[in-house]
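Notes for the one structure printed next.
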Amino acid sequence: MLGADILTDMLIGYGVEFVFGVPGDTNVPFYESLKTREGKIRHIMARDERSAGFMADAYGRFTDKPAVVECPSGAGAMYTLPPIAESNASSIPVILLTIDIPLSGEGRGVLTELDCARLFEPITKMSVQIKSPEKLPEIIRRAFRVATSGRPGAVHLQIPEDMLLANVDPSKISLHVEEECKTFPSFPTRPAPGLVEELIAHLGKADRPLIVSGGGVIRACAGNDILALAERLNIPVCTSMTGQGTMPDDHPLSIGVIGDNGFHPHANRAMEESDFVLFVGSKMGSVVTIGWTFPKVTLNKRVAQIDINPEVMANNYENVLSVCGDARLVLKEMLAAVPDGFDTKKHQPWVDRLNELRTIFWKNAESLLSNDTLPLRPERAVRCFNQALDASGEPALIYSDAGTPTPHMTRFLKINDPRTRFAIPRAFGGLGSALPATVGAWCADETRRPIGMFGDGSFGMTVGELETLVRLHVPAILILFNNGHFGWIKGLHRLKGHNQAFGVDFTPPNGKAIAEAFGLKAWTARSAAEFDTALAEAFRHKAGPCFIDVHVESIADRVPPVYSWLTKRGRDPLSLEAQEVAYH
């Protein structure tokens, strides 16, 4: 049995439906094996290894299955570094296969020779080179086990080409798979005895308790459990940016997004005023805590933490209680352990106050959301999108780049359909992810509309993947926020109090013409009315991908809703007023 067939059959055994990748000299044996198994596993060819990695990242974000991405040796491996690092740091289970030069060529100056095992070691949970074809099944099982267990993450296997060409005696290997590791989290852990009851007691004693739902809640598929617990205890819920969408935005206990980028002022105020905060699935990093300057009243002695990773427990604050375990299992145990006499009415004044603040914020924000001045305001663009999404009635998988769309989508996007998900890669904030990610989103679930949002800086990095979407007939809606520069960086220059921005401007792309050249249906929108029309037609368009080139005001023209930026401009970030803040 050829090593390549062992690899392919093991992937099929683990339920892998898609392998994202790019062809190269060294992975030909793998492709030949995939060809003989068409119908059981599908290869998705990207135009760039980095794009293939972001496709896998999106697939892992929007399913409970580990994603698989492959690439050839040398530059192909190096191009996959950004998405693999992002997936690992964001707790997305991705398995990278680098099909490398033959083992016999090591140290002899073979073209593309690179120590990939060491290259990926710092940014993965496990990175190993396979040196024996008989070891393939064992190491593949370990890869799926490591990627899906504990805190999910990325795994890298460096597979020399001769390992795939070798003949292996089937009697000397076992191709069995571990059923538990076909999905994640595999082997979820429960909390230690007594901790759940202690945690409920703390929440019961508090007058102003608050739950903060992080990205780990979404990784654990525990959104419904957070909702059920919040309703049972009558406790308001805020989310981190990566936890956005945990609860319906119109729920009376759903307060908003905390932290720095795209925050809701009433949500940050809830954090300031709460007397006991329970973080679930959040490492309490720099964005949530605004560089550990927020809240101003320290969280020490008034915070508890639930996380599957003990390494992040009490890492930044002195926790009252740390509960290590799978978020979903811990929350279910909490719900079951709530005593009959738990006083939910005690928290109602606190809930009412936060709802009042939320109402004031949205009332004041109306002036921004309805502003029809040109160039089109980003807030107005989000309003257009919200209305179009609601009118379509379609569930969607929305993936946004970390640049221009981030602060305004985070603050003003409203998700009330539990089938709709929103994701932003926040670990490293790499640009160029959203366009290829729509392919991974579509592979994850063809019943939900893939939507990609990106700035023109990001667009220039992965424009070639438009061909991939057309070739695969992916019914994605792609939205380009076009303003002719790297707006986030230009805004940082302007925060210095001058206009001497350097190296950030470029010629605005003709997005519609570019998209049409690749065969997409496309529109240009410069006003809210034009954007409304384009969105309505885009949601009706199901025959392949479509593209909207929307020209918007840059976040370098007016300070976006970023807490630390507003502070530098001398504004109160917790003000509920609609903020029109200039850089000077």
- Using the Karplus equation 6.51 cos²θ - 1.76 cosθ + 1.60 (θ = phi - 60°), what ³J(HN,Hα) coupling, rounded to whole Hz, does each residue of the stretch 432-437 give in order, writing x for Gly and Pro? x, 8, 5, 4, x, 4
- Message: In whole Hz and in residue order, list the ³J(HN,Hα) couplings for the stretch 282-293 that follow from phi through the Karplus curve 6.51 cos²θ - 1.76 cosθ + 1.60, θ = phi - 60°; x for Gly and Pro.
- Response: 9, 7, 6, x, 5, 6, 4, 9, 6, x, 6, 9
- Interchain or long-range residues, amide H under 5 Å from Val562's placed H: Gly262
- Message: Over 24 Å between Cα atoms: which of Lys135/Lys182; Lys40/Lys182; Lys283/Lys332; Lys131/Lys172; Lys332/Lys363; Lys363/Lys568 fall into that group?
- Response: Lys332/Lys363; Lys363/Lys568
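Multiply the residue separation of Leu175 and Thr298 by 0.36 nm, subtract the distance between their alpha-carbon atoms, and state the gained length in nm to one decimal. Show your work: numbers first, answer last.
Numbers: separation 123, 0.36 × 123 = 44.28 nm, distance 5.31 nm.
Full extension from Leu175 to Thr298 adds 39.0 nm.
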- Query: If ligands, DNA and RNA are left out, what is the accessible area of Cys324 with a 1.4 Å probe, given in Å² to the nearest 10?
  - Reply: 50
- With a/c under 1.5 counting as rounded, go ahead and sort the chain into rounded, prolate or oblate using the C-alpha gyration tensor (a ≥ b ≥ c being the square roots of the eigenvalues; past the cut-off, prolate if a/b is larger than b/c, else oblate). oblate
- From phi via Karplus (6.51, -1.76, 1.60), per-residue ³J(HN,Hα) for the stretch 486-502 in Hz, x at Gly/Pro: 7, x, 4, 5, 5, x, 4, 4, 6, 5, 6, x, 9, 9, 7, 6, 10
- Message: How far apart, in nanometres, would the label points at Asp445 and Ala391 be if each is projected 7 angstrom from Cα along the Cα-to-Cβ direction?
- Response: 2.4
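Using 0.36 nm times the number of residues separating Leu374 and Ser132, minus their current alpha carbon distance, what extension gain do you get?
Working it through step by step, the gained length comes to 80.8 nm.
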- Task: Report the label-to-label distance for Ala543 and Phe502 in nanometres (one decimal), using points 7 Å from each Cα along the Cα→Cβ vector.
- Result: 5.2
- Cα principal axis extents for the stretch 364-420, largest first, Å: 33, 25, 19
- Message: Suppose all protein chains stay in the model; what accessible area per residue would a 1.4 Å probe give for the chain, in Å²?
- Response: 37
- Task: Apply the Kirkwood formula to the stretch 214-333: the hydrodynamic radius equals the inverse of the mean of 1/r over all pairs of different alpha-carbon atoms; give it in Å with one decimal.
- Result: 14.1
- Calculated from DSSP H runs of 4 or more alone, at -39500 (n - 2.57) each and per residue, what is the 222 nm mean residue ellipticity of the chain, nearest 500? -11000 deg cm²/dmol
- May I ask you to give the percent of accessible area on the chain that is carbon plus sulfur, with a probe radius of 1.4 Å? 52
- Task: Apply 1/(1 + (r/R0)^6) to the Cβ-Cβ distance of Glu577 and Met78, taking R0 = 41 Å, and write down the FRET efficiency to the nearest 0.05.
- Result: 0.30
- Query: How far is it, in nm, from the label point at Thr344 to the one at Arg558 when both lie 7 Å from their Cα along the line to the Cβ?
  - Reply: 4.1
- Task: Using only the Cα atoms of the stretch 89-167, build the gyration tensor, take square roots of its eigenvalues as a ≥ b ≥ c, and label the shape rounded, prolate or oblate: rounded if a/c is under 1.5, else prolate if a/b is larger than b/c, else oblate.
- Result: oblate
- Inverse of <1/r> over all distinct C-alpha pairs of the stretch 1-78, i.e. the Kirkwood Rh in Å, gives 12.7
- Interchain or sequence-distant (5+) residues whose placed amide H lies within less than 5 Å of the amide H of Phe422 are Ile398
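The values are calculated or read from the model by the stated rules, or taken from the named source; none is laboratory data. Nothing here was measured: the structure is a model prediction, and the numbers come from that model. We place every Cβ from the backbone using ideal geometry, glycine too, and count neighbours over all the protein chains shown. Side chains included, ligands, DNA and RNA excluded: accessible areas come from the protein's heavy atoms. Shrake-Rupley method; radii C 1.70, N 1.55, O 1.52, S 1.80 Å.
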